[in-house]
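First up is the structure itself, then whatever we jot down about it.
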Amino acid sequence: MEVWWGEMTQLEHVYWIIALIGSLLLSIVFLLTMLGGDTDVDAVDLDIEADGGIGFQFISFKSLVGFFTVFGWAGITCINAGYSNGISLLIATFCGLVMMTIMAWLFYIMMKQSESGTLQIKNAINQIGEVYITVGKERSSIGKIQIKVQGSLRELEAITDETSDLKQGDVIKVIEVVSSEILLIEKLKK
């Protein structure tokens, strides 16, 4: 091992150190991501937050890890292929920037695809659910219903125009959004 390491140039040493450390960090980031850990320790984010949306984060911890990993391995490959130091630096930098751009773009796409978790109450209209807490007849008292909205079971407040109370277990249909937090429901006819 000493002979192998001793025969390398300083640039090769740099490439190997960067490649190995980058690969180790990339493996850790991958494992933490797969286990649900948060690896978003972004030191520098170049994003535009004026629109209130998710910014395109070109420089982040994850994209820098990708850059250095590919930079190191591309440099090693170029040196082993016989390219000069200058050409190997150019190719390694280009490959690292391509990887950094790809990773930033992928994380941007994944963030855009993920749900914000914010309930859009209008999505409850025409959904079928069940009374959880009695809803008073003719809007006399607010009750609660359980209904699946946006892929998850929710407990929401509701009123009705029915002439009798809607009791726990009654199957209902949402017909209107009365306010930002209250739904108008009707008993589902069998």
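Since every read-out is calculated from the coordinates, none of them should be taken as a lab result. These numbers come from a predicted model, not from an experiment. With ideal geometry, Cβ positions are generated from the backbone for all residues, glycine too; neighbour counts draw on all protein chains shown.
Values for this structure:
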quantity: Distance from region 93-111 to region 145-190 (C-alpha centre basis), Å; calculated: 45
quantity: Derived scalar couplings ³J(HN,Hα) [region 140-157; Karplus, 6.51 cos²θ - 1.76 cosθ + 1.60; whole Hz; x for Gly, Pro]; calculated: 6, 7, 7, x, 10, 10, 10, 8, 8, 10, 6, x, 9, 6, 10, 10, 10, 7
quantity: Distant-in-sequence amide H partners of Leu184 (H built 1.01 Å from N, under 5 Å); calculated: Ile159, Ile175, Glu176, Val177, Val178
quantity: Amide proton proximity set for Ile59, modelled H, under 5 Å, gap of 5+; calculated: Leu46
quantity: Built amide H within the under 5 Å cut-off of Ile172, gap 5+; calculated: Gly129, Glu130, Val131, Leu188
quantity: At most 12 other Cβ within 10 Å, DSSP loop - GluC sites (Glu not before Pro), region 92-190; calculated: Glu115, Glu181
quantity: Percent RCO, i.e. relative contact order, over region 121-187, from Cα pairs under 8 Å lying at least 6 residues apart; calculated: 35
quantity: log10 of Debye I(q)/I(0), alpha-carbon scatterers only, for region 91-190 at 0.22 Å⁻¹; calculated: -1.02
